[in-house]
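Worksheet for the structure shown next.
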Amino acid sequence: MSDRTIVGLLVAAAIFILVVVMYDPAARGDPIVPEFDRTDQIIRLRVVLHDDLRGVREAKLGTMPAGSVVPEGLLGFAGWNNINTYCEVHLVRPERSLDDRVLTLGHEVLHCVYGRYHP
């Protein structure tokens, strides 16, 4: 996937989040409480797109201690590598410019910026 495509997806995700927040008060969710704050910093991002949720869940399981269970309802995940040089985001490949997967991308990128920011 080209850098231009990734940037386009990130812009679409940001626009979608703004539209949802502005026009659907029920979708506002929990308040954001940052674990850390990497705003105004350059963030290296690795986006891993899976063909289905099974691929996302298998990738998540690979990041968890042995015997762990992947949370029900997982749509994607993000995390910094061990030495904090890049953030890796996993989700199912979006099919349309404003589908739920684009929202998931924006949600997961926000984890790269704020860490664990919601319950």
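Below are the figures for this structure:
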read-out	value
Burial ordering of E88, E35, E108, E58, fewest other beta-carbon atoms within 10 Å first	E35, E58, E88, E108
When segment 49-119 is reduced to its Cα atoms, the Kirkwood hydrodynamic radius in Å	12.8 Å
3J(HN,Hα) from dihedral phi, segment 34-47, Karplus parametrisation 6.51/-1.76/1.60, rounded to Hz, x for glycine, proline	x, 7, 8, 9, 10, 5, 6, 10, 7, 10, 7, 10, 10, 9
Projected area averaged over orientations for segment 32-83, convex hull of C-alpha atoms, nm²	5.2 nm²
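FYI, it's all coordinate maths here, none of it is from the lab. Bear in mind that the values here come from a model prediction, so they are computed numbers and not experimental data. Virtual Cβ from ideal backbone geometry, glycine too; neighbours counted across all protein chains shown.
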